[in-house]
Amino acid sequence: MKRLNILLADTWEEAKRMPFPKTEDGSSAVLFCSDGPLTACQERILGGIKALQEKGQYDLLVFSGSAADMFAVRTAARCGGSALTMAQIGKADDQTVTAQRGAFSYNLRAVFEMTKKPVCISAEPAKADCCGLPDSLLREDVSGTDEAFRSVTAETRGTENPLLDASFVLIAGRGIGSAEGFGRIEHTAQALGGAAGATRPVASDGWADFQQVIGISGKQISPDVCLVFAASGTMPFMMGIEKSGTIIAVNRDADASIFKACDIGVVADWQDVLEKIEDRSLK
Ligand SMILES: Cc1cc2nc3c(=O)[nH]c(=O)nc-3n(C[C@H](O)[C@H](O)[C@H](O)COP(=O)(O)OP(=O)(O)OC[C@H]3O[C@@H](n4cnc5c(N)ncnc54)[C@H](O)[C@@H]3O)c2cc1C
């Protein structure tokens, strides 16, 4: 399988610091390096990568560095191949590339067998498999393409999530029925010094943010007290709260499976219970 390693760096200094996947003898490497965000000249870079792929008939393109995920996916679309992001490459024979990556918020490792070439992978290299820039690297300099991109400022979002540190978490399930319902739950959780979470359908319906989803595809939390309103207690959700100190569930269905896995179960309408909490604690 013919492999081309593609290193993407916004600056030459950055390129020199980056881990670069070790390559087998005979595989090629190319560096795209600019003096500003590469994404600002992505059309030119994509055109360059496609031309290299066609000329060299590479089967496997491995991307690392700046915006590697985006370049891998877009290259696969342009070249009629397949893409996988943030992956570790395993075996590659003439027909198939095997790679693995985290799935469901990195709680599981999924193994992919990719056959549609060129296979475009953005690398999540294991440290042992990295080295500095190969001596043989061909430097493809795309600087000076577009003055405008130099004024682009990067926006960074905080990564802290109050759900991970809260000692009290109030979680809304689909039975809360609306965005207003979730708003009330969020207000009460915050007023009590805690944080609000949601089951996946609550976020899918647009009532809560996906950052608030609890479960195997969301956050795994471990508060002292976890109060769950109107959730049935499915396995993917329960995996997110199983490390909680005390789990209290409120559901109007006495047969809901959450009652088998909680410490305290209350068969009631969630609104009645919330009103009682508001009356006693917030007034
Ligand atoms: C691969 C995969 C990954 C998944 N990952 C997650 C995940 O990470 N997190 C997650 O949450 N889900 C996940 N899911 C979805 C999961 O399978 C369930 O669909 C989901 O957890 C159900 O959410 P729920 O309990 O809110 O809704 P439902 O199952 O619909 O339950 C609603 C509950 O509300 C009760 N209720 C209704 N009205 C009231 C009321 N007025 N008062 C009191 N109770 C009321 C009902 O009796 C019912 O028990 C995943 C699914 C798959 C296939």
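Derivation of every value follows stated rules applied to the coordinates shown; laboratory data play no part. Being a predicted model, the structure only gives us computed values, none of them experimental. Cβ coordinates were reconstructed from backbone atoms using ideal geometry, including for glycine residues, and neighbour counts include every protein chain displayed.
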(message) Give me the one-decimal nm value for the distance between modelled label points at S178 and K276, 7 Å along each residue's Cα-to-Cβ direction.
(response) 2.4 nm
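What FRET efficiency comes out for T246 versus T98 if R0 is 45 angstrom and r is the Cβ-Cβ distance? Round to the nearest 0.05.
0.55
How would the stretch 162-282 be classified by its alpha-carbon gyration tensor: rounded, prolate or oblate, with rounded meaning a/c under 1.5 and the a/b versus b/c comparison settling the rest? The partial results should precede the final answer.
Working: a/c = 1.15, a/b = 1.05, b/c = 1.09.
Note, shape of the stretch 162-282 comes out rounded.
Taking 30 Å as R0, compute the FRET efficiency from the Cβ-Cβ separation of A254 and V111 and round it to 0.05.
Details: r = 42 Å, r/R0 = 1.39.
Calculated value: 0.10.
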(message) Quick check: net charge around E54, other residues with Cβ under 13 Å of its Cβ, Lys/Arg +1 and Asp/Glu -1?
(response) +4
(request) Return the long-range amide H neighbours of A231 (sequence gap of 5 or more, or a different chain), with a cut-off of under 5 Å between placed amide H atoms. (result) G173, V250
(message) Can you give the local net charge around G102? Use residues other than it whose beta-carbon is closer than 15 angstrom to its beta-carbon, Lys and Arg +1, Asp and Glu -1.
(response) +1
(request) Give, as a single signed number, the net charge of other residues whose beta carbon lies under 13 Å from the beta carbon of R174, with Lys and Arg counted +1 and Asp and Glu -1. (result) 0
(message) Going through the cross-link list K2/K219; K55/K91; K219/K260; K91/K243, which pairs have a Cα-Cα distance over 28 Å in this structure?
(response) K2/K219; K91/K243
